[in-house]
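Down below is the structure, laid out as C-alpha cells.
The values are calculated or read from the model by the stated rules, or taken from the named source; none is laboratory data. What you see is a predicted model, and the numbers here were worked out from it, not measured in a lab. A quick note on method: Cβ atoms are made from the backbone with ideal geometry, for glycine too, and the neighbour counts reach across all protein chains shown. When the accessible area is computed, the model is the full protein with side chains, heavy atoms only, and any ligands, DNA or RNA have been set aside. Shrake-Rupley method; radii C 1.70, N 1.55, O 1.52, S 1.80 Å.
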Amino acid sequence: MIDFCGLRLAHPIINGSGTFDAIAARRAFGDELLARFPFSAFVSKTITLAPREGNPPPRLWEAQAGMINSIGLPNRGLHGYLEHDLPHLAQLPVALITNVMGSSEAEVAQLVEAVDARPEIAAIELNVSCPNVKTGLDIGADPASLGALVRAVRPLTRKPLIVKLTPNTADVAAVASAAEAAGADAVSLINTLRAMAINPLDGTPWLGGRTGGMSGPAIRSVALAQVAAVALRVGVPVVGMGGVAHGTHAKDLIAVGATLVAVGTENFRDPCAGTRVAEELKSLQIAGSASTNMNVSEPQPEVDADYGDS
Ligand code: RRO
C-alpha cells in the first residue's frame, strides 16, 4: 500500500489525465474492467466549467517515437460531468481524481467548489498545463501567477489538491515550488511538450489547432530530468509521467523522487498497460531489494586500518 496525500493506493501506477476513457473501457470490457482495473487511482479527463467541442480536426499526428495531440479539451462541462460521467466513474474500484481547468481564477474556484462537494471524488488535479488552450499554459508557466491561483482556490477544498505542471517553461522547479508554497498537496508532471507537424503534401500545419502537445517515448528523458529537478525542490509528493511504457521506466521516475507514476500514451496502444507496468515494477523492486539485502549480508573486505605506519 502507498500513502499518497492520505489516499491508500494498492500500487504506485495511475493514469495520466485524458489517456484512458474508463467509461468507454467499461462498455468494451464489462465488469472485467472493474475486476482487473489497471490503475490504483483513476484521473479523469480535464473538465471545464462550460462544455467544449475541442479543436478542429485533424487532432493527432503520429511522430517517430510518440504522438502529437491537439485535442483542445472537448468535454461535457462541469454539470455534464457531474450528471453523466460521475455516476459511472464512482463505480470504479479505485480512488477518483477529477482533473479541472479554468480560464480564470473565478472559473477554477467554481470548479473546485463543485468538485469538493462530491464525496465520490477523492482528490482534485488542477490542470495548468494544457498546451492546446492559451490560458492554461500561461498560468502554469509562471511561478507568481500559479502561486496566486493556487492560493486563491486552496481554501475552497479539503480534498488533496494536485497541480499538474507544464514542461513548457524555463524553470519547472520554480513553478513547482510556487505551487507548494501556495498550498498544493502534490504536483504532477510532465504534461505534453509543445510540438508541431507539417502536412507533407502542402507544407501547412497538419493539426487543426496548428500546434499540439508531444507525448510518448520521445519525451521520457525530458520527463525524467524535470521530475528529478522538481523532486529535489519540493517536499510534497510528486506524480511523475512522460513516456512510461515499462516497469523500468516507472522505477527510474521513482528513483529520482516520484511517489506515483502515471502511464499515458501507452494506454492507447495497450489498455492493460497500467497492470503490466505495475507488475513489472513490483518484480524489479523485489529483485532490487533481494540484491540489496545480499549486499548488506555480504562479508565486507578486510581493511587494514593502520594507515599511519608507512
Ligand atoms: O485536451 C487536450 O488537448 C490536452 C490537454 Br487538456 C492536456 O492537458 N494535455 C494535452 O496534451 N492535451
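Here Leu156 fulfils each of the conditions (1) open to solvent by less than 10 Å² (accessible area, probe 1.4 Å); (2) within 24 Å of Phe42 (Cα to Cα) apart from (1).
Out of everything in the range 157-189 that is basic (Lys, Arg) and more than 14 Å from Val128 (Cβ to Cβ), what residue ends up being farthest from the ligand (Cβ to nearest atom)?
Arg158
Name the residue that is farthest from the ligand (Cβ to nearest atom), counting only residues in the range 200-215 that are more than 7 Å from Ser70 (Cα to Cα) and of a type in the set (A, V, I, L, M). Selected residue: Leu201.
Of all residues in the range 206-230, those satisfying the criterion of being buried (at least 24 other Cβ atoms within 10 Å of the Cβ) and of a type in the set (A, V, I, L, M) are Leu207, Met214, Ile219, Ala223, Val227, Val230. Taken over the range 171-222, the criterion of being under 27 Å from Val234 (Cβ atoms) and of a type in the set (Asp, Glu) is satisfied by Asp171, Glu180, Asp185.
For Arg233, indicate whether it is of a type outside the set (A, V, I, L, M, F, W, C) and over 14 Å from the mean Cα position of the chain (by Cα). Taking the combined requirement at face value, the residue satisfies it. The set of residues from the range 113-131 being within 16 Å of the ligand (Cβ to nearest atom), modelled with pLDDT of 95 or more and of a type outside the set (A, V, I, L, M, F, W, C) comprises Glu125, Asn127.
Which is β-branched (Val, Ile, Thr) and at pLDDT 95 or above, of Val303, Val239? Criteria check complete, one pass: Val239. I'm checking my understanding of the structure. Among residues of the range 132-153 that are assigned to a loop (DSSP other than H, G, I, E, B) and within 16 Å of the ligand (Cβ to nearest atom), which one is surrounded by the most Cβ atoms within 10 Å (Cβ to Cβ)? Ranking the qualifying residues of the range 132-153, first place goes to Asn132.
Evaluation of Gln110 against the conditions (1) closer than 21 Å to Ala152 by Cβ; (2) more than 10 Å from the ligand (Cβ to nearest atom); (3) out of contact with any Leu (no Cβ under 7 Å at 6 or more places or on another chain); (4) not β-branched (Val, Ile, Thr) shows that the sole unmet condition is (3). Picking from residues in the range 88-105 that are part of a helix (DSSP H, G or I) and at pLDDT 95 or above, the one that is most open to solvent (accessible area, probe 1.4 Å) is His88. Residue pairs whose Cβ atoms lie under 9 Å apart, sitting 6 or more positions apart in sequence or on different chains, and linking a residue in the range 215-230 that is at positive phi to a partner that is open to solvent by less than 30 Å² (accessible area, probe 1.4 Å) and acidic (Asp, Glu), are Gly216/Glu266. The single condition among (1) more than 25 Å from Phe39 (Cα to Cα); (2) buried (at least 18 other Cβ atoms within 10 Å of the Cβ); (3) at pLDDT 95 or above; (4) in contact with a helix residue (DSSP H, G or I) (Cβ under 9 Å, 6 or more places away or on another chain) that Ala181 does not satisfy is (2).
Selection within the range 231-242: residues that are part of a loop (DSSP other than H, G, I, E, B) and surrounded by fewer than 24 Cβ atoms within 10 Å (Cβ to Cβ). The member of this set that is farthest from the ligand (Cβ to nearest atom) is Gly235.
Out of curiosity, is Glu120 under 28 Å from Arg36 (Cβ atoms), out of contact with any Gly (no Cβ under 7 Å at 6 or more places or on another chain) and not aliphatic (A, V, I, L, M)?
Yes; evaluated as a whole, the condition is true for this residue.
Note on the range 35-87: residues that are open to solvent by 40 Å² or more (accessible area, probe 1.4 Å), within 26 Å of Leu281 (Cβ to Cβ), away from the ligand (no atom under 16 Å from the Cβ) and not small (Gly, Ala, Ser) amount to 1.
Residues that are touching a residue at least 12 places away in the same chain (Cβ under 8 Å) and more than 20 Å from the chain's Cα centre (by Cα) were ranked within the range 184-205; the one that is surrounded by the fewest Cβ atoms within 10 Å (Cβ to Cβ) is Met196.
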